[in-house]
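Reading through the structure tokens given below for one structure.
The values are calculated or read from the model by the stated rules, or taken from the named source; none is laboratory data. Just so you know, these numbers come straight off a predicted model, no measurement behind them. Every residue, glycine as well, gets a Cβ built from its backbone with ideal geometry; the counts of neighbours run over all protein chains shown. These area figures cover heavy atoms from the full protein model, side chains too; ligands, DNA and RNA do not enter into them. Shrake-Rupley method; radii C 1.70, N 1.55, O 1.52, S 1.80 Å.
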Amino acid sequence: MAECIFCKIAEKKIPAQIELEDDDFVVFKDINPQAPVHYLLIPKKHMQDITELQDEKLAGRLLMGCVAAAQKLGLFTHGFRLVVNTKNHGGQTVYHLHFHILGGRHMGWPPG
Ligand code: AMP
Ligand code: ZN
């Protein structure tokens with residue numbers, strides 16, 4: 001999608017601090033971190049949100065990619081949180097599916 005900022009990151013048309021990448025996804029640092037460690041995993045293929053994720057194989061790869069990124073980021077010892085904000089009530093602001101990978105501090109519950 002021409003006007004999608006995360007498609008532009010996936011296509012390396014705008015810069016991002018990329019931590020991990022494979023054929024299906026890119027993991028990069030969030031520009032406005034909400035925790036000491038805050039990265040985003042996006043599929044390279046554009047989809048608006050998780051309700052458009054129909055491909056089980058891709059879904060598995062994205063989830064395993066989040067876990068691989070968490071390991072690479074050193075989050076296995078103390079743990080981390082995965083978040084997928086979805087549409088208006090979910091607090092989504094960028095409409096290209098992304099998984100937040102958050103760590104480096106204790107996370108409260110319930111979320112805001
Ligand atoms: P959400 O509110 O779940 O849609 O999250 C969107 C996230 O994308 C926010 O945490 C933003 O800080 C982050 N973000 C927006 N633009 C960029 C960018 N150019 N590079 C990195 N992260 C971004
Ligand atoms: Zn996109």
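Please report the carbon-and-sulfur percent of the accessible area for the stretch 5-103; probe 1.4 Å, protein heavy atoms only, DNA, RNA and ligands left out.
Accessible surface attributable to carbon and sulfur in the stretch 5-103 totals 53 percent.
Counting pairs of alpha carbon atoms under 8 Å apart in space and at least six apart in sequence, what relative contact order in percent does the stretch 5-103 give?
31 percent
Quick one: if you take sqrt(5λ) for each eigenvalue of the C-alpha gyration tensor of the stretch 49-112, what semi-axes come out, biggest first, whole angstrom? Don't skip to the end; give the middle numbers.
On the way: eigenvalues 90, 63, 13 Å².
After diagonalising the Cα gyration tensor, the semi-axes are 21, 18, 8 Å.
Could you state the accessible area per residue of the chain in Å², with a 1.4 Å probe and every protein chain left in place?
Per residue, the chain has an accessible area of 62 Å².
When the helices in the chain are scored as -39500 (n - 2.57) per DSSP H run of 4 or longer and the sum is shared across all residues, what 222 nm value do you end up with, to the nearest 500 deg cm²/dmol?
Mean residue ellipticity, 222 nm, calculated: -7000 deg cm²/dmol.
Can you pull out the cysteines in the chain that have no other Cys Cβ under 4.7 Å?
66
Relative to the longest principal axis of the C-alpha atoms of the chain, give the angle of the C-alpha long axis of helix 56-72, reported between 0 and 90° and rounded to the nearest 10°.
40 degrees
Give me the Kirkwood hydrodynamic radius of the stretch 5-103 in Å, from all C-alpha pairs, to one decimal place?
Roughly 13.5 Å, rounded to one decimal.
To the nearest 0.05, how large is the calculated FRET efficiency for residue 44 and residue 81 if R₀ is 25 Å and r is the Cβ-Cβ distance?
Working: r = 24 Å, r/R0 = 0.95.
So the FRET efficiency works out to roughly 0.60.
Report, in debye and to the nearest 20, how large the dipole of the chain comes out about its Cα centre when Lys and Arg carry +1 and Asp and Glu carry -1 on their Cβ. Walk me through the intermediate numbers first.
Details: 12 positive and 12 negative charges, 59 e Å.
Dipole size: approximately 280 debye.
Using label points projected 7 Å from each Cα along Cα→Cβ, tell me how many nm separate residue 56 and residue 34, to one decimal.
In this crude label model, residue 56 to residue 34 measures out at 3.1 nm.
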